[in-house]
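Undergrad: First the structure, which I've put down as structure tokens, then a few questions once you've had a look.
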Amino acid sequence: MRHAVITAGSKGLGQKVTEMLLKKGCSVSINYRSDKEAIDRLKTEWKDFGGDRLHFFQGDVTRKEDMSRFIEEAIDKYGRIDYLINNAGPYIFERKKLADYSDEEWYEMIEGNLSAVFHLFRKTIPIMRKQHFGRIITYGFQGAESSPGWIYRSAFAASKVGLVSLTKTIAFEEAENGITANMVCPGDIVGEMKEASIEQAKDLGDAKDTPVGRSGTGEDIARAIRFLCEEDSDMITGAVLEVTGGVEVINRFR
């Protein structure tokens, strides 16, 4: 049985990705920060998948020690890690210029979105090398590969653009070990749509800002990740996959 590790896998996009991994037949280790209520609900909702296939770990992705213990617990329980899904991504919703950020806000963005991935890579890659198999997924934002400026989101954008380079480097360095690394860039998926299905999005009607005519959903992201995790998807590595419904094409050529 393949085993997946996912950060922030209990809500939002992560919940739909976790659900996909369970349906795929995986066991899953899920990191969450504080929402025990959501964990209790999911234990009930996902009980048919079998309790032995679910491992919940409470920890903060910005804390190196927490991420180290997370991986150690996953290995102790399942003995392997096949998929590493770096779903967690701290974000500051207040719109402010870079000069107005506090030290704490800056470091939360860098530690949570970039350094946390480094610490997880360093703990997980040696395990994947021994297996001669691994699939690593990181998350970016629309257009991250071109290193755009993003007003009022400078710290978040800087961390994710750095993660683009890190993901590509890992893809090159670890290809000989049967490990792939790819980035998925969600479009503007907000609110309840993060945990919605494609069918629900289609039922809501037109989304004028998206060429395909509907909002993106958590299921769209989960389907993309499932494809990248397949055994025979090894020719796709170091890629940055935009899952935006075509919005970035309009922005690029308008």
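The values are calculated or read from the model by the stated rules, or taken from the named source; none is laboratory data. Since the structure is predicted, the reported quantities are computational estimates derived from the model, not experimental observations. Quick reminder, even Gly has a Cβ in these numbers, built from the backbone with ideal geometry, and neighbours come from all protein chains shown.
Undergrad: Please find, within the stretch 48-102, the residue that is farthest from the chain's Cα centre (by Cα) out of those that are of a type in the set (Phe, Trp, Tyr) and at pLDDT 95 or above.
TA: Checked the stretch 48-102; the qualifying residue farthest from the chain's Cα centre (by Cα) is 101.
Undergrad: Say whether the condition of being under 23 Å from residue 19 (Cα atoms) and of a type in the set (Asp, Glu) is met by at least one residue in the stretch 177-188.
TA: Yes, the stretch 177-188 contains a residue that is under 23 Å from residue 19 (Cα atoms) and of a type in the set (Asp, Glu).
Undergrad: A follow-up question, please. Within the group 189, 179, 225, which residue is of a type outside the set (Asp, Glu) and closer than 18 Å to residue 125 by Cβ?
TA: Step by step, each of 189, 179, 225 is checked, and only 179 is of a type outside the set (Asp, Glu) and closer than 18 Å to residue 125 by Cβ.
Undergrad: Any residue that is modelled with pLDDT under 95, more than 19 Å from the chain's Cα centre (by Cα), more than 19 Å from residue 12 (Cβ to Cβ) and assigned to a loop (DSSP other than H, G, I, E, B) - is there at least one of those in the stretch 221-233?
TA: Initial filter on the stretch 221-233 (modelled with pLDDT under 95): none.
Scanning the stretch 221-233 turns up no residue that is modelled with pLDDT under 95, more than 19 Å from the chain's Cα centre (by Cα), more than 19 Å from residue 12 (Cβ to Cβ) and assigned to a loop (DSSP other than H, G, I, E, B).
Undergrad: How many residues, within the stretch 44-101, are free of Cβ contacts under 8 Å to residues at least 24 places away in the same chain, at negative phi, part of a loop (DSSP other than H, G, I, E, B) and not aromatic (Phe, Trp, Tyr)?
TA: 2
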